[in-house]
1. Report every pair of residues separated by at least 6 positions or lying on different chains whose Cβ atoms are under 6 Å apart, first residue within segment 146-166 and of a type in the set (S, T, N, Q), second open to solvent by 20 Å² or more (accessible area, probe 1.4 Å).
2. Give the number of residues within segment 100-132 that are among the polar types (S, T, N, Q), closer than 16 Å to residue 88 by Cβ and exposed (fewer than 13 other Cβ atoms within 10 Å of the Cβ).
3. When you scan segment 135-147, do you find a residue that is assigned by the TED database to the domain that holds residue 97, more than 28 Å from residue 300 (Cα to Cα) and not β-branched (Val, Ile, Thr), even just one?
4. Looking only at segment 296-323, filter to residues that are part of a helix (DSSP H, G or I) and touching a residue at least 60 places away in the same chain (Cβ under 8 Å); which one of those is farthest from residue 100 (Cα to Cα)?
5. Could you list, ordered by first residue, the pairs with Cβ atoms under 7 Å in which the first is in segment 40-66 and within 25 Å of residue 262 (Cβ to Cβ) and the second is at pLDDT 95 or above and among the aromatic types (Phe, Trp, Tyr), at least 6 apart or interchain?
6. Taking the options 264, 328, 301, name whichever one is open to solvent by 20 Å² or more (accessible area, probe 1.4 Å) and aromatic (Phe, Trp, Tyr).
7. Is there a residue being touching a residue at least 40 places away in the same chain (Cβ under 8 Å), part of a helix (DSSP H, G or I) and buried (at least 18 other Cβ atoms within 10 Å of the Cβ) anywhere in segment 192-200?
Amino acid sequence: MGVPIVSEGGSSVMNNVRVVLLAARDRMNFEAAEVSESTPRLNMEQLELELQWIMHTHKLLARSEETRKVWELVVLKEALQAPFLMHGILGLSALHLSKLREPESQSKWLSVAISHKNIALSMFSDQLSNIDRSNVKAMMGFAGLVVAFGLGSALTPGTADGPSLDSLIKIFTLSRGVQAVASREFEFLLQSNFAPLFNITQPEICLPDHVIAAFDRLCELNAQCGQQSVHHNCPVYERVIKSLRDLAAFTLTEPTSMTLAAGWAIRAPAEYLSDLDHRVPFSLVVLAHYCGFLHMACENWCVGPWGSVVLEEIRQSLPSDWQPHIKWPKEQVGLAQSNQPGTIPMET
């Protein structure tokens, strides 16, 4: 025998049920609204960029498995406490994606990259006057990103600032500025989880004879300049040339490595950058040799034609009596002429 749905007085009961159900529905709607407002929304774009960093982009800055691990996760973890570094990571990852994705989405990722870069630089500039142990690791990580982004963004289609001598000097100046300030906490960095980035082990490689000869000529030219001009700072150039020689092994071992491109920029002394600003001929000769190595990394998506473009600008800037001193770099990029090594002109 079935149970009646509505018995005597059933209409009254049903009304009460309806009231209870309506109240319950209203309460669930209200609670759902509260949950919706308090639940963080996923930013899928940024998650994609972080994944791009972890899977691919961080490798651009690594020179070994040990340093790769630092760039992959240690730097990313540091960025959680340093928004400018996070924006730098996201910006470089977006720039990388703009090179990898189909043409119709390249402009989108380029726009994202530039936006993150601008925010990063703005936030970063506010930190420059107040570097301490709480942010020095983030500062040093950002210095490497600056070089990669500066080189890579200049290669994007339609950009107003393509590869040039002026642009390269600006990248050097910004990177060197970070290094100079952060060096106050260098001992702390050597004891931190960033230490592998500073423990440079030279690749086991013998430099080719033509490379050794090129550096020997630079050293001889440096000595000649010092003998002929009291304004020439031989010790500074000895450091600059030695740094380039030490880093050259990384490019010769792994041509697409960014180690020389970024490492030499960060280590460039202020005196050398000042000479570049004033277009001192010997400073341009040294930079031309850097361009020769930079051209070896032209398959790197951040580097491309930077070496050959800047070298050509240097070639056009140097007086004729300085041209023989850039013979080796011109040979590396296919611009070599029949010039023989000459003597240093009297005016330096």
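The values are calculated or read from the model by the stated rules, or taken from the named source; none is laboratory data. Predicted model only: the values in this text are computed from it and were never measured. For neighbour counting, all protein chains shown are included, and Cβ atoms are generated from backbone atoms with ideal geometry for every residue, glycine included. All accessible areas refer to the heavy atoms of the entire protein, side chains included, with ligands and DNA or RNA removed. Shrake-Rupley method; radii C 1.70, N 1.55, O 1.52, S 1.80 Å.
1. From segment 146-166, the pairs are 156/110.
2. Going through segment 100-132, the residues among the polar types (S, T, N, Q) turn out to be 105-107, 111, 115, 118, 122, 125, 127, 129-130.
So of that shortlist, the ones also closer than 16 Å to residue 88 by Cβ come out as 115, 118, 122, 125, 127.
Remaining after also requiring exposed (fewer than 13 other Cβ atoms within 10 Å of the Cβ): 118, 122, 125.
The total comes to 3.
3. The answer is yes; a qualifying residue exists.
4. Of the residues in segment 296-323, the ones part of a helix (DSSP H, G or I) are 296, 306-317, 320-323.
Narrowing the set further to residues that are touching a residue at least 60 places away in the same chain (Cβ under 8 Å) leaves 306, 309-310, 313-314, 317.
Details: 306: 19, 309: 23, 310: 25, 313: 29, 314: 31, 317: 35 Å.
Among those that are part of a helix (DSSP H, G or I) and touching a residue at least 60 places away in the same chain (Cβ under 8 Å), it is 317.
5. As it stands, the answer is 58/71; 61/71; 62/71, since those pairs meet every condition given.
6. Working: 264 fails: open to solvent by 20 Å² or more (accessible area, probe 1.4 Å); 328 fails: open to solvent by 20 Å² or more (accessible area, probe 1.4 Å).
Going through 264, 328, 301 in turn, just one is open to solvent by 20 Å² or more (accessible area, probe 1.4 Å) and aromatic (Phe, Trp, Tyr): 301.
7. Yes, some residue in segment 192-200 is touching a residue at least 40 places away in the same chain (Cβ under 8 Å), part of a helix (DSSP H, G or I) and buried (at least 18 other Cβ atoms within 10 Å of the Cβ).
Matching residues to (1) among the polar types (S, T, N, Q); (2) in contact (Cβ under 8 Å) with a residue 12 or more places away in the chain; (3) in a helix (DSSP H, G or I); (4) outside the structural domain of residue 59 (by the TED database):
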| position | (1), (2), (3), (4) |
| --- | --- |
| 171 | no, yes, yes, no |
| 226 | no, no, yes, yes |
| 236 | no, yes, yes, yes |
| 262 | no, yes, yes, yes |
| 273 | no, yes, yes, yes |
